[in-house]
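Worksheet: the structure to be examined is printed underneath.
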Amino acid sequence: MGRYDFPIPYGWFYIMGADELAAGEIRTVRRFAQDLIAWRGEDGALHLQDAYCPHLGAHIGVGGKVVGNTVQCPFHKWQFNGDGSVHSVPYANKLNERACLYTFPTKIHYGNLMAWYHPNKIAPLFEIPAVPQLDAGGFKGPLSKTHLIKTCLQEMAENTVDSAHFQTIHNHPGAAHYEGLSFEGPIMSMQSKQVFPSSRGPVEGTLDTYTSGYGVAVVLYKTLIEICMITVNCPIESELTEQVFQVYYKNPENDPRVDRIGQAFYAEVNRQLTDDIVIWENKIYRERPFLCDGDGPIAPFRRWAKQFYVEAT
């Protein structure tokens with residue numbers, strides 16, 4: 001038994017930066033406790049597929065290659081289209097149409113290649129919302145940093161509603177005060193007022209979070225400047241998560257002072273995450289915790305979180 005009983009949840013998850021693969025490039029990736037391949041055809045389209053050939057099981061990412069707008073298995077040179085169907089077999093006159101390379105639904109979201117995962121391989125049940133603040137312009141970024149964390153996604157997401165930890169772990173001058181909290185389908189929205197630490201002393205501000213399943217969160221800060229942070233996650237294994245912080249800060253006038261504050265915020269939010277990581281990597285999940293006044297809305301969060309777990313059939 002691990003520290004958690006949670007299976008890998010369904011949802012939209014981060015795979016890599018959309019600009020990381022050149023046309024004609026293939027890469028092996030580990031996601032959802034599975035070996036996968038990501039590749040870009042000569043037409044520029046990105047694909048995420050099962051790494052193992054449905055023919056005789058060769059790993060396509062080891063010795064395989066992109067041929068035009070197909071990917072070729074290194075073993076018997078079967079070629080597969082971007083939708084996973086067989087394109088050609090060099091020695092066969094008739095294709096086996098049942099042979100198919102499983103292909104994950106993907107989309108590009110603010111420069112991130114996101115993929116839909118469901119253990120039963122069903123079509124997406126929800127979409128990832130746009131970020132109107134970024135669409136309106138005036139932001140610089142992103143400043144991006146990746147973290148590998150030995151924990152599960154639910155433990156990380158629960159921090160959003162853990163009002164006390166901002167004070168006990170991150171040394172905020174006071175606990176968070178929630179002004180709004182709602183759960184609508186896959187979306188959790190939280191609006192709060194907080195007092196943030198800074199080099200010049202405590203600073204009052206707001207922190208609003210909009211979470212889409214376990215894979216994407218948009219965090220809006222208003223303190224000395226306006227910050228928009230996109231957090232994207234992906235389960236590599238059931239207890240190993242990749243998380244990427246992407247910090248944008250509003251500076252339409254290219255003010256050097258705002259640049260300095262934005263870069264300092266980026267450094268601080270990543271430093272604070274390391275405080276959380278120490279806790280996450282060494283704790284267990286208490287299914288029936290003994291909560292007290294001031295802990296935050298942990299119980300409503302956990303009821304919302306259950307929807308993303310299904311048994312594979």
**Asked** Just for region 128-178: of the residues that are of a type in the set (Ser, Thr, Tyr) and over 18 Å from the mean Cα position of the chain (by Cα), which one is farthest from GLY213 (Cα to Cα)?
**Response** THR168
**Asked** If you take the residues of region 123-176 that are of a type in the set (Phe, Trp, Tyr) and either over 28 Å from THR103 (Cα atoms) or surrounded by 15 or more Cβ atoms within 10 Å (Cβ to Cβ) (or both), which of them is modelled with the highest pLDDT?
**Response** PHE139
**Request:** State the number of residues belonging to region 198-255 that are aromatic (Phe, Trp, Tyr), in a loop (DSSP other than H, G, I, E, B) and at pLDDT below 95.
**Result:** 0
**The listed residue being without any contact (Cβ under 8 Å) to a residue 12 or more places away in the chain, touching a Leu at 6+ places or on another chain (Cβ under 8 Å), in a helix (DSSP H, G or I) and in the same structural domain as VAL195 (by TED's automatic domain parsing), out of ALA299, ALA267** = ALA299
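Yes or no, residue by residue, for (1) in a strand (DSSP E or B); (2) farther than 11 Å from GLY24 by Cα; (3) touching a residue at least 24 places away in the same chain (Cβ under 8 Å):
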| site | (1), (2), (3) |
| --- | --- |
| GLY44 | no, no, no |
| GLN49 | yes, yes, yes |
| VAL62 | no, yes, yes |
| VAL71 | yes, no, yes |
| LYS77 | no, yes, no |
**Prompt:** Has region 254-271 got any residue that is surrounded by fewer than 10 Cβ atoms within 10 Å (Cβ to Cβ) and more than 22 Å from GLN167 (Cβ to Cβ)?
**Reply:** yes
**Request:** Specify the residue that is nearest to the chain's Cα centre (by Cα); the eligible residues are those in region 1-52 that are surrounded by 20 or more Cβ atoms within 10 Å (Cβ to Cβ) and basic (Lys, Arg).
**Result:** ARG31
**Asked** For PRO74, which of the numbered conditions (1) surrounded by 14 or more Cβ atoms within 10 Å (Cβ to Cβ); (2) closer than 25 Å to PRO119 by Cβ fails to hold?
**Response** (2)
**Message:** So VAL195 ticks every box in (1) farther than 21 Å from GLY17 by Cα; (2) touching a helix residue (DSSP H, G or I) at 6+ places or on another chain (Cβ under 7 Å); (3) of a type outside the set (D, E, K, R); (4) in a strand (DSSP E or B) but one. Which box is left unticked?
**Reply:** (2)
**Prompt:** Checking LEU125 against (1) of a type outside the set (Phe, Trp, Tyr); (2) outside any loop (DSSP other than H, G, I, E, B); (3) in contact (Cβ under 8 Å) with a residue 40 or more places away in the chain, which test does it fail?
**Reply:** (2)
**Prompt:** Which one of these does PHE13 not meet: (1) over 17 Å from PRO235 (Cβ atoms); (2) part of a strand (DSSP E or B)?
**Reply:** (1)
**Request:** Considering each residue of region 128-144, count those that are over 15 Å from ILE108 (Cα atoms), in a loop (DSSP other than H, G, I, E, B) and aliphatic (A, V, I, L, M), and give that number.
**Result:** 1
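The values are calculated or read from the model by the stated rules, or taken from the named source; none is laboratory data. These numbers were taken from a predicted model, which means no experiment stands behind them. Cβ atoms come from the backbone with ideal geometry, glycine included; neighbour counts cover every protein chain shown.
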